[in-house]
Amino acid sequence: MSEQRNETNSLSEKDFKFICQFVHDASGIVLGERKREMVYRRLTRITRERKLNSFSDYCELLRTQPEQEENYFINAITTNLTSFFRENHHFEYLQQHEIPRIIAQEKKSKGQNKRIRIWSSASSTGEEPYSIAITLLETMQDQLTEWDVKVLATDVDSNVLAHGSMGIYANNRIEDLPIAIKKKYFVKGSGSNSKNVKISGKLKDLLTFKRLNLLHDWPMKGPFDVIFCRNVIIYFDKKTQQELFSRYYELLKPGGILILGHSENLGEYQQYFYNEGRTIFRKPELEEKG
């Protein structure tokens, strides 16, 4: 016999629409009918943790205490799926083309500005920014000590940021990485942590983790040489996407690159960038916007 959902744990159309609107207002993420089952599962966990009797009770809590509840709710409802060197062609492009290009430019300017800034703007549990840091270290090697290099990692979810900042991962998260990379950048745990690895200090030194809602003010001034915004734009509506692309454009250094996820594109904003490869877009060296 299949499990039946009773009255108290059913997700009414009214509650579902309220949840979708709340998520959109708080984070810009668009939830549609295809996300109903996911919303149901996560609300089930949330109401259990909050010791509430129904989804309607939780919706009422969001209505009456939005500021108190918003951070917890967005953390619980947003999806975080990532891995080390996911969509590896982006990191190959950094290593083979972009980082050498930046180094060559600095040599032409007689080394007056040995500075690299990279922003991972939807960093989730940290695998992406740590992959960026590994790529920087592997490419620059001994030159890195001569440069001012920083990677900013931001996300709307404070829980995944805390995970990333700790830099501790289950062994199976790195099982597909080359042995040489594992030995150089990951420390095996012992005792009760024997099933975990920890990110090495030289990687963590390059990173700063900060909570940031992409729809709110951005305190950083840039400019950034590279901005990663992968697999998050698809959750925003078209108008919000274009607004974000405009803001990314302004923070990019002339000649810098914006990297999107495999199923994402710039839409109308493509006219302001050059296409450098699969979901890699370069801001012109000379301002052409407007």
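The values are calculated or read from the model by the stated rules, or taken from the named source; none is laboratory data. These figures come from a predicted structure and were not determined experimentally. Using ideal geometry, Cβ is built from the backbone for each residue, glycine included, and neighbour counts are taken over all protein chains shown. Ligands, DNA and RNA are excluded from the accessible area calculation, which covers all protein heavy atoms including side chains. Shrake-Rupley method; radii C 1.70, N 1.55, O 1.52, S 1.80 Å.
Taking a ≥ b ≥ c as the square roots of the eigenvalues of the alpha-carbon gyration tensor, region 122-235 is classed oblate because a/c is 1.5 or more while a/b is no larger than b/c. Just checking the listed ones, TYR274, TYR249, TYR130: in the Gaussian network model of the chain with Cα springs under 10 Å, the one fluctuating most is TYR274.
Of THR64, THR47, THR279, which is the most mobile in a GNM of the chain whose springs link Cα atoms less than 10 angstrom apart? Answer for the Gaussian network model of the chain: THR64. Estimated from the Cβ-Cβ distance and a Förster radius of 22 angstrom, the FRET efficiency linking ARG211 and ARG50 is about 0.50. Taking the helices alone, the chain has a mean residue ellipticity at 222 nm of -11500 deg cm²/dmol, built from -39,500 (n - 2.57) per DSSP H run of at least 4 residues and averaged over all its residues.
About its Cα centre, region 36-88 has a charge dipole of approximately 260 debye under the convention of +1 per Lys or Arg Cβ and -1 per Asp or Glu Cβ, with nothing else charged. Close amide H partners of ARG115, meaning residues 5 or more places away or on another chain with modelled amide H under 5 Å apart, are ASP148. Take every DSSP beta bridge with both residues inside the chain and express the antiparallel ones as a percent of the total, to the nearest 5. Taking every DSSP beta bridge within the chain, about 40 percent pair in antiparallel fashion.
Among the listed pairs LYS114/LYS221; LYS107/LYS182; LYS114/LYS204; LYS204/LYS238; LYS114/LYS202; LYS35/LYS283, those with a Cα-Cα distance over 24 Å are LYS107/LYS182; LYS204/LYS238; LYS35/LYS283. Using the Cβ atoms and a cut-off under 9 Å, what net charge is assigned to the surroundings of LEU258, where Lys and Arg are +1 and Asp and Glu are -1? Every neighbour counted, the sum reads +2.
Taking every DSSP bridge with both residues inside region 123-255, close to 50 percent are antiparallel. If only the Cβ of Lys and Arg carry +1 and only the Cβ of Asp and Glu carry -1, the dipole of the chain around its Cα centre is close to 780 debye. Shown are CYS229, CYS20, whose ranking by accessible area with a 1.4 Å probe and every protein chain present, most to least, is CYS20, CYS229. Residues HIS89, HIS97 ordered from highest to lowest accessible area at a 1.4 Å probe: HIS97, HIS89. Just the number please: accessible area per residue for the chain, 1.4 Å probe, all protein chains included, in Å². Here the residues of the chain average 53 Å² of exposed surface. Every Cα-Cα pair in region 26-167 was counted, and those over 21 Å apart are 57% of them. The heavy atoms of TRP218 offer some 30 square angstrom of accessible surface to a 1.4 angstrom probe.
Using the Cα centre of region 101-202 as origin and beta-carbon charges of +1 (Lys, Arg) and -1 (Asp, Glu), tell me which of ALA180, SER121, MET140 is placed farthest towards the positive end of the dipole. Farthest towards the positive end: MET140. The magnitude of the dipole of region 112-215, with charges of +1 and -1 set on the Cβ of Lys/Arg and Asp/Glu and taken from the Cα centre, is near 260 debye. Ratio of Rg to Rh for the chain: 1.01 [Cα atoms; Kirkwood radius as inverse mean 1/r over pairs].
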